[in-house]
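Beneath this line is the structure, given in structure tokens, with notes to follow.
Throughout, read-outs are computed from the coordinates displayed, never taken from laboratory work. Bear in mind the structure is a predicted one, so any value in this text is a computation, not a measurement. Glycine also receives a Cβ, built like all others from the backbone with ideal geometry; neighbour counts cover every protein chain displayed.
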Amino acid sequence: MTVHVIATGGTISSHFDGDQWTNIDGAGLVAELGAEAVDRVVVRDVASGPSSNLTVHDMLAIAEAARDALTAGADGVVVVHGTDTMELTAFVCQLMLGVSASRRPVVFTGSMRVHSHPAPDGTANLRDAIAVAASDRAVGREVMLCLEGALHAADRVAKCHAASVDAFQSAPFDPIGSVIDGVPVFHDAPVERPAAIGFVHDVPLVTCYPGIDAASVEAVLADVVGAVVEGFGDLNVPQQLWGPIHHAWNRGTLVVLASRPFTPTTTTEGLSMLGAVGAGGLTAQKARLAVMAALGSTPDRDAAVEFLRHLALVLDAGDRSTS
Ligand code: ASP
């Protein structure tokens with residue numbers, strides 16, 4: 001079994017030696033797990049520093065490194081990453097690779113405490129992540145985040161606490177699994193997802209706020225192939241944005257509405273009249289990446305909408321309907 005570890009920096013590799021901060025590279029992190037781990041792991045460093053600095057191009061480069069490792073015959077891939085944007089790079093990776101029955105595991109991990117902390121969390125997370133990546137049980141699964149013994153699917157998970165070691169949640173879903181004594185145990189079946197052919201990059205994200213100015217949104221939507229607007233509740237946007245969104249859709253722009261609370265809504269009569277589709281439960285940040293992938297895979301807007309439909313998170317709360 002050979003697992004490829006792709007190191008990209010983050011808190012897990014930040015070390016204060018009493019004098020200055022240094023970066024522990026991937027080989028250094030793996031060496032702390034002992035000789036057995038070193039023997040079964042191939043390490044590659046592709047970035048260093050905080051993950052808040054990463055661009056989508058950087059995220060695609062990390063995802064390409066994971067894809068190359070699988071193509072080279074790795075039994076599994078671990079990406080060591082800062083937690084701030086881990087869920088986004090993991091989602092880019094899943095968009096690039098898709099989810100299919102035979103794909104070997106790709107597992108992201110990191111830590112909330114620095115390497116030089118007296119009780120660091122990075123070592124246990126990395127050990128678990130390598131065990132999951134090497135496991136046949138994890139074949140065919142979503143690209144995963146592995147932290148604190150929990151396994152989260154890249155499309156559901158979000159960092160929700162910036163100061164706790166227990167920093168990630170998949171709410172309103174549960175984690176997809178846990179790691180028990182180095183063995184992954186999954187609680188549900190994976191959902192197959194399409195792999196993107198390419199990514200377009202001119203996809204802005206507009207976050208609505210009370211009193212948002214229509215002219216500025218009109219300007220943002222003026223000349224783009226796709227855009228995400230983060231509204232409120234069940235994809236409601238302030239009425240002054242109805243015109244700009246409608247005009248953009250009529251010009252051919254793929255306008256996707258997302259919301260901070262989870263909503264599985266994708267298409268409704270109201271959205272069709274407005275000129276938009278829903279993000280299917282993806283956060284606004286992930287919806288933007290999904291639109292990049294959809295429009296990078298097909299120039300046809302209807303086909304791109306169909307691509308997005310295959311990424312939707314399905315959770316039938318079913319308790320708000322009055323009909
Ligand atoms: N600021 C760090 C980063 O995202 C946080 C972490 O690694 O946990 O790189």
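DSSP bridge analysis restricted to the stretch 87-215 gives an antiparallel fraction near 85%, rounded to the nearest 5. Using a simple spin-label model with pseudo-atoms 7 Å out from Cα toward Cβ, Asp19 and Asp136 lie 5.1 nm apart. Ranking of Thr207, Thr55, Thr265 by neighbouring Cβ atoms within 10 Å, starting from the fewest: Thr55, Thr207, Thr265. Of Glu32, Glu142, Glu148, Glu269, how do they rank once you tally other Cβ atoms within 10 Å and put the fewest first? Fewest-to-most Cβ neighbours within 10 Å comes out as Glu269, Glu32, Glu148, Glu142. Among Leu235, Leu88, Leu271, the largest mean-square fluctuation in a Gaussian network model of the chain, built with springs joining Cα atoms closer than 10 Å, belongs to Leu271.
Using a/c under 1.5 as the rounded threshold, could you call the chain rounded, prolate or oblate? The axes a ≥ b ≥ c are square roots of the C-alpha gyration tensor eigenvalues, and prolate needs a/b larger than b/c, oblate otherwise. In terms of gyration-tensor shape, prolate.
Taking a ≥ b ≥ c as the square roots of the Cα gyration tensor eigenvalues, the stretch 107-194 comes out oblate, since a/c reaches at least 1.5 and a/b does not exceed b/c. Computed from the C-beta positions of His117 and Ile197, the FRET efficiency with R₀ = 35 Å rounds to 0.25. Binning the C-alpha pair distances of the stretch 228-323 at 5 Å intervals from 0 yields a P(r) profile of 3, 14, 25, 27, 19, 8, 3, 1 %, listed from the shortest bin outward. Mean residue ellipticity at 222 nm, helices only, the chain: -8500 deg cm²/dmol; runs of at least 4 DSSP H residues each add -39,500 (n - 2.57), and the sum is divided by the number of residues.
Placing a label point 7 Å from the Cα of Ser52 along the Cα-to-Cβ direction, the residues of the stretch 76-111 whose backbone N falls under 11 Å from that point are 84-85.
Note on the chain: GNM, Cα springs under 10 Å; of Ile245, Ile176, Ile212, the largest mean-square fluctuation is that of Ile212. What is the list of residues in the stretch 175-207 whose amide nitrogen lies under 16 Å from a point 7 angstrom out from the Cα of Arg309, following Cα to Cβ? Within reach of a label on Arg309, which here means backbone N under 16 Å from a point 7 Å along Cα→Cβ, the stretch 175-207 contributes 193-194. Note: relative contact order over the chain, using C-alpha pairs below 8 Å and six or more positions apart, is 14 percent. When a/c is below 1.5 the answer is rounded, else prolate if a/b is larger than b/c, else oblate, so apply that to the stretch 1-130 with a ≥ b ≥ c taken from the square roots of the Cα gyration tensor eigenvalues. Oblate, since a/c reaches 1.5 and b/c is not below a/b. Here, the stretch 120-256 is characterised by an Rg to Rh ratio of 1.11, where Rg is the alpha-carbon radius of gyration and Rh the Kirkwood radius. Between Ala124 and Thr2, the simple spin-label model (points 7 angstrom out along Cα→Cβ) gives 3.2 nm.
Beta-bridge orientation, the stretch 1-58: approximately 40 percent antiparallel, per DSSP, counting only bridges with both partners inside.
Would you please state which residues of the stretch 83-123 a label at Glu64 would reach in this model, taking the label point 7 Å out along Cα→Cβ and a backbone N cut-off of under 17 Å? Zone members listed by number: 89-90, 92-98.
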